[in-house]
Structure formats: structure tokens, C-alpha cells
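Quick notes on the structure that follows.
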Amino acid sequence: MTHSRRLDSQFSTRAWAGLLSAVLHLGLVLLILLSGGRRDGISDDDTPVTRIVYMDSVAATPREGIESILRNLAVPRPMPPDQPDLRDIEPPMLSPAEFDSSRDDPEDSPPADVEAPGETSSIESPTTYLMPQAEASALLQRVERLAAELVKAPRARSAWQQDGRQYDAELVLQPATDGVEPDRVIAQISAEDQGRQLRTRIMLKRLPFSHYAQLIDRWDPAVQLHDDEIVGRMHINSRFNLLHDSQARPTFLGRVTTAAGGFNMRSEGRSPKSEVFREGIVTRAGRISLSGQGNSFEQARHGANVRMHELTDDTAITFFPDGGYAGRDRRSGSSLFSEQSTGQSVYFVAARGATVYVQGVVSGRYLVYAPQRIVVEGNLVYANDPRHDPDSDDYLGLVSDRDIVVASPRVTGPGDLHIHAALFAKHRVIVTDIDHSDSATLEIFGSLAAGSLTASEPRYATKIEYDWRFERRRPPGFPSTDRFAAEDWDGRWSEAADRSEFASF
């Protein structure tokens, strides 16, 4: 009996100890649940919300895409005259999703001392946020489309919703005043996100046709690119033909885009596309209309720093290295004008039915316009070649509503023909007597935009090299496309205290 009571006592003690331990553990669990059961501010009855996370470019990992493009736009770099940079820097004529950003350059990276959001400095500035790539790309595409509408009015407003955010934009057109600078648009965009008032400002420029080394609207199905070299951007609105054989192959040292779904290539032997399209090719890139802007030199007719020559009959113009030029009646041979350099932009405007013939050494800024035809009769080169003199201020534009023609070998003479100019022929660029036995090279330094082209071989192999000064300026009065592209934008939102801080134009 005594032994039996001792066991009961021990059992009772252990039972009470176990019960006490269970109570303590239960209390600890309740304490944890009450104090730590919430997950980062989201309670059981909260609705999860996806928030936009902004990354400062200093902390963000560099990514391919629009961010690198925007850095390039914000910090333009001069193009070395002897080694042009062939990257397609401006989105210009293409959608931002098609930008080629495979060549980030350390020179274009943001400076190391840029402050991240939250840091302070001696100078107060609004908090800024780097836009995610998809948001920046979509915003830029929309603003570029809105800018194209400003040809109808100098000012526009627009509002839209996207991804649950309200956007408001105000755009103002700044037309070119000197015929050399491009038209520009200032776009101010505001948005509200989670109670924050955001804003950004984009400067866009209108792309002249001289933005492309070569732009063709309708490719002649009887013509093939063969012994051709094009240095710079090339765009074609239709399918085009390539021929690679044992004698030659075409080479494109800039980005090639086409509005068509593909192209036709005939190759005799192995010819990888990478050897032809050194900077790649993009299909279905969208059309670029040759209608674009009308004769913009009409706006400059009454300008203070413009010299205008009205040509009523067929006229032959010769340019001289000292900046002078002379014109004579093509039929009678009589002198029409002889001028010395004045530093003004000079426009030669032909009447309907009149043909203009050109040759010589160009010193100064000139535009030659003819509704019907312009004929190149000999070398037409700059006195100061920009490839050797980056400060050259020599510009020439040849603009025809119909054709630009290269005269026969009897006129131009044998051997290579050099043309330093931006060419625009709404109908066709024509090389005559292509079956001439003495083969040579037609070298165009500048740009060429045309409705179509004739063949040039065997008379000429062709080389077109882009004049990189056309990134910033154009020959006076040279026509423009209906497209705009960002010229200056850092791809950031700035936060304002309230909507009253948004400046209005």
C-alpha cells in the first residue's frame, strides 16, 4: 500500500507539470500569432496590390533596350570624321521596341556621381525615378505618334489611361526658323501613381529625309543590289533584290529596315546574311511615306539670311571653291547670274518645266529645287570635305518632285563620279547609259531618298556613305518625313509635391 501511494503522488506531480508546460506553450503560440502573424503590412482581410518598383540607374543593372538608347539621346557624341559610328542611335524612324541596343558604350553611361532617390545634396532637386523599359517604350511610341499630328496644329493636348494610370500630355511645335535645324516638339507628360504626382519632359525632332543614307519607296523588280556598298541607315518600303556572285556582293554597313515581310536574295555560292547585313536587317518595320513635308524652302523665301534665285528656264549652275557660283541659260549660253559668297543660305527654285544642271565645288549652304528634273553633269563635291574637316559648313541639297539624273559619260567624262549632297527624287534617280564599257564607281556622300532607282551597272558600282552631320542639321530647306523621334530625354519621372508644380507652356 505504501509503495502504491508513492506512485500516485509521482504521477500527480508529473501530470501537473505536463499541464503547466502545455499551457505555457499554448500561450507562446498565441503570443507569436498575435504579434507576428501579419505579413509585411498585409492582414487577412487586405487585398494584395501590385506596385510599380522604380530603380535608379545607379543601382540598376544595365539592361539592353530603351534605357541605353535614352542615355545616347541625352548625351550626343560627335562622330569622328574618319571613323563614323554606325549604331542606330535614334528611334526615330522605328518603334522603340526595334532599337538596336546591342552596343552599349561606356562613354554613354550615367556619371558615377548621380544621386539615387533618397540621397541628399546641397542643391535640392525633385526625386526622380527611372522608368521600367516597357513603360518608357510605350510612352515614347505614343508621344511620337502625337507629335506627328502637330503638322495640323501648333499645339495639342491628350489624355489616356494605361495600366490603371492616368496620363496627360501637352505638346507644342517649334518650327525650324533657319531651314537647317529640324522642326522640334516639346512634350510635357504628367501622371499620378499611388498619390504621387509625376512628370517628364521629352524633346523630339522631326526626321528629315536626309536622316537615312538611302530610303527607297518602290524597289524596281528588274534591279538588283550587287556591287553596292551603303554606309549608314537604309530603309525600303517594299521587297528588294540582292545578287551575290563570284564578282561582287552588296554590303550594308548600317542598319537595314524594310516595310515588307522579306527580300529576294540570289546567291551563287555561300553567302551568309551576316556578311551582307553587317548591322542586321529588320522586316515589317513600317512604311515611311515620301510625301512627308512639302517644299519647306517656301517658308524660307522671305527669311533675312536667305538668297533666292527664281529659275524660269533651263539653267546650268556651276559652283566654285571660293563660295561663288554662276548660272547660265542652258539653251542660249548667256549668263544669268554670277555671285560671290555672302554667307547666306542660297536657294535655286526652278519653275515648272525647267531643268536644272549642276556641277562644281560647293562652298556654303545651298538647295537646288526643280519640279521636273535635276541633271548632274560632273563631280559635285564639297570644298571642305566633312570627313577630313569636321567643322565644314558646306551643305548641298538636290530636291526634285520627279527625277534626278546622272548625265551620260559624254558629259560627265570617264571614271568615277563623286556627288556630295543630300538627294531627294520623289519619282526616280536615273543613271543613263548603264551599258557603258568603262566601269567605275558612283560615290554619293550624304544621303539618297527616292521613289525608285534605275540600275547603274555595269557603268557604275555604287557607294553611298552617310554624312553624319545630318544627325544634327540638314541642307537648307531639305524636306522632312512625317516622323518624330526623341532627341533629348532621360527616361525618368520627376516627383512633384502637387499638380500645381507642373509648369504649363
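The values are calculated or read from the model by the stated rules, or taken from the named source; none is laboratory data. Here the structure is a predicted model, which is why all the values come from computation and not from measurement. All Cβ positions, even for glycine, are placed from backbone atoms using ideal geometry, and neighbour counts span all protein chains on display.
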Quick check on segment 200-213. Is at least one of its residues within 22 Å of P479 (Cα to Cα), at pLDDT below 90 and touching a helix residue (DSSP H, G or I) at 6+ places or on another chain (Cβ under 6 Å)? no
Out of segment 202-230, which residues are of a type in the set (A, V, I, L, M, F, W, C) and out of contact with any Gly (no Cβ under 6 Å at 6 or more places or on another chain)? I202, M203, L204, L207, F209, L215, I216, W219, A222, V223, L225, I230
Just to verify a result, which residue in segment 279-292, among those that are in a loop (DSSP other than H, G, I, E, B) and surrounded by 16 or more Cβ atoms within 10 Å (Cβ to Cβ), is modelled with the highest pLDDT? I288
Number of the condition not met by R218 [criteria: (1) under 20 Å from the mean Cα position of the chain (by Cα); (2) assigned to a loop (DSSP other than H, G, I, E, B); (3) not β-branched (V, I, T)]: (1)
So which of Q162, Q174 ends up being of a type outside the set (A, V, I, L, M), free of Cβ contacts under 8 Å to residues at least 40 places away in the same chain, within 30 Å of R473 (Cα to Cα) and surrounded by fewer than 19 Cβ atoms within 10 Å (Cβ to Cβ)? Q174
Count of residues meeting criterion [out of contact with any Asp or Glu (no Cβ under 9 Å at 6 or more places or on another chain) and modelled with pLDDT of 85 or more] in segment 139-153: 9
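Can you tell me how many residues in segment 371-393 are farther than 20 Å from L442 by Cβ and of a type outside the set (A, V, I, L, M)?
Total meeting the criteria: 9.
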Complete set of residues in segment 181-209 that are in contact with a Phe, Trp or Tyr (Cβ under 9 Å, 6 or more places away or on another chain), closer than 30 Å to W468 by Cβ and either of a type in the set (F, W, Y) or surrounded by fewer than 19 Cβ atoms within 10 Å (Cβ to Cβ) (or both): R184, I186, R201, M203, F209
Taking segment 148-159 as the search range and keeping residues that are in contact (Cβ under 8 Å) with a residue 24 or more places away in the chain and within 22 Å of the chain's Cα centre (by Cα), which one is surrounded by the most Cβ atoms within 10 Å (Cβ to Cβ)? L150
Qualifying residue in segment 417-438 (condition: among the polar types (S, T, N, Q) and closer than 20 Å to H211 by Cα): no
Would you call I374 touching a Gly at 6+ places or on another chain (Cβ under 6 Å) and at pLDDT 95 or above? no
What are the residues in segment 463-492 that are crowded, with 20+ Cβ neighbours inside 10 Å, in a strand (DSSP E or B) and at pLDDT 95 or above, if any? I464, E465, Y466
Those residues that are in contact (Cβ under 8 Å) with a residue 40 or more places away in the chain and more than 21 Å from R474 (Cβ to Cβ), I need them from segment 417-436; list them, please. L417
Identify, please: which residue in segment 336-351 is out of contact with any Pro (no Cβ under 7 Å at 6 or more places or on another chain) and over 18 Å from T312 (Cβ atoms) and is, among those, surrounded by the most Cβ atoms within 10 Å (Cβ to Cβ)? Q344
Tell me whether segment 418-427 contains one or more residues that are surrounded by fewer than 18 Cβ atoms within 10 Å (Cβ to Cβ) and outside any strand (DSSP E or B). no
